[in-house]
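Participant: Right, I'll just put the structure down here and ask away after.
The values are calculated or read from the model by the stated rules, or taken from the named source; none is laboratory data. All figures in this text were calculated on a predicted structure; none of them were measured in a lab. Please note: Cβ atoms are built from the backbone with ideal geometry, for glycine as well, and neighbour counts cover all protein chains shown. Accessible surface is based on the protein model in full, side chains and every heavy atom, while ligands, DNA and RNA are left aside. Shrake-Rupley method; radii C 1.70, N 1.55, O 1.52, S 1.80 Å.
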Amino acid sequence: MAIKIYIDQGHNPQNPNAGAEGSGLREQDIVYRIGIELAELLRSNSEFEVRLSRPTADTQIGSSNSTSLRLRVNDANSWGADYFISLHTNASSLSSATGSEAFAFSEPSAAFSLGEDILYWLNRTTGLKNRGMKVRTNLYVLRKTQMPAVLVELGFITNANDASLMNTRPDLFAEGIYQGILEYTGV
């Protein structure tokens with residue numbers, strides 16, 4: 001039976017729940033493209049089944065921040081996903097802040113271990129600093145999912161280098177996440 005991966009491309013194309021902006025780019029556009037590329041990689045492997053929260057660039061989820069998050073989680077839960085991966089870009093008032101980091105609800109946990117593998121491979125494929133795994137109990141998508149869930153901050157949209165790399169080479173980020181999933185699942 002195929003492993004079901006739910007890819008949540010964080011945020012909506014427009015408010016409510018639009019994402020961060022920086023370096024002339026929008027978070028929701030970057031994570032949409034990386035999610036599409038990741039889905040293609042997973043679909044090319046018969047061991048996986050994939051669902052995207054935003055199958056099209058203009059998919060708008062919910063009418064508020066809270067309904068947007070709830071609908072994403074409910075979709076993954078009702079589908080019976082085995083893993084939930086939420087894609088985001090980070091932002092900082094310090095333009096020098098760089099690298100990838102990820103969050104899970106608890107440690108030790110399957111989600112924390114999956115996140116460590118994803119971060120390892122993101123560093124390998126993109127060259128961006130691995131800022132490590134962290135526990136966050138207040139994030140809705142980590143708290144309410146019925147399967148291991150990881151929220152990945154791919155890079156800093158407020159860092160010119162990170163932003164350019166995410167924008168011009170979404171394939172590198174998709175490949176890093178894909179390799180992390182392969183390593184964790186042993187597929």
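Participant: Pairs please, first residue from region 119-139 and without any contact (Cβ under 8 Å) to a residue 12 or more places away in the chain, second anywhere and of a type outside the set (Phe, Trp, Tyr), Cβ atoms under 7 Å, 6+ apart in sequence or on different chains.
Facilitator: As it stands, the answer is none, since no pair meets every condition given.
Participant: For the subset of region 143-168 comprising residues that are within 12 Å of the chain's Cα centre (by Cα) and not β-branched (Val, Ile, Thr), which member is nearest to Val73 (Cα to Cα)?
Facilitator: To start, the set of residues in region 143-168 that are within 12 Å of the chain's Cα centre (by Cα) comprises 149-155.
Filter again for not β-branched (Val, Ile, Thr), leaving 149, 151, 153-155.
Working: Ala149: 10, Leu151: 12, Glu153: 18, Leu154: 20, Gly155: 23 Å.
The residue in question is Ala149.
Participant: Next question. Looking only at region 50-96, count every residue that is under 15 Å from Val150 (Cβ atoms), among the charged types (D, E, K, R) and crowded, with 21+ Cβ neighbours inside 10 Å and tell me the total.
Facilitator: 1
Participant: Does any residue of region 152-163 turn out to be surrounded by fewer than 19 Cβ atoms within 10 Å (Cβ to Cβ) and at pLDDT 95 or above?
Facilitator: Taking region 152-163 first, the residues surrounded by fewer than 19 Cβ atoms within 10 Å (Cβ to Cβ) are 160-161.
The next check asks that each one be at pLDDT 95 or above; those that pass are 160-161.
Taking every residue of region 152-163 in turn, at least one turns out to be surrounded by fewer than 19 Cβ atoms within 10 Å (Cβ to Cβ) and at pLDDT 95 or above.
Participant: Just one of (1) in a loop (DSSP other than H, G, I, E, B); (2) within 29 Å of Gly24 (Cα to Cα); (3) within 15 Å of the chain's Cα centre (by Cα) trips up Asp171, so point out which.
Facilitator: For Asp171, the failing item is (1).
Yes/no matrix, rows are residues, columns are (1) part of a loop (DSSP other than H, G, I, E, B); (2) more than 24 Å from Asn12 (Cα to Cα); (3) among the β-branched types (Val, Ile, Thr):
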residue: Leu42; (1), (2), (3): no, no, no
residue: Arg54; (1), (2), (3): yes, no, no
residue: Gln60; (1), (2), (3): yes, no, no
residue: Ser66; (1), (2), (3): no, no, no
residue: Ala97; (1), (2), (3): yes, yes, no
residue: Phe103; (1), (2), (3): no, no, no
residue: Gly115; (1), (2), (3): no, no, no
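Participant: Looking at Arg143, is it of a type in the set (Lys, Arg), in contact (Cβ under 8 Å) with a residue 24 or more places away in the chain and surrounded by fewer than 16 Cβ atoms within 10 Å (Cβ to Cβ)? If you could, list the steps in order and put the result at the bottom.
Facilitator: Working: of a type in the set (Lys, Arg): yes; in contact (Cβ under 8 Å) with a residue 24 or more places away in the chain: yes; surrounded by fewer than 16 Cβ atoms within 10 Å (Cβ to Cβ): yes.
Yes.
Participant: Turning to a different aspect of this structure: Given Ile7, Ile3, which one is under 14 Å from Phe84 (Cβ atoms), more than 11 Å from the chain's Cα centre (by Cα) and open to solvent by less than 40 Å² (accessible area, probe 1.4 Å)?
Facilitator: Details: Ile7 fails: more than 11 Å from the chain's Cα centre (by Cα).
Matching residue, one of Ile7, Ile3: Ile3.
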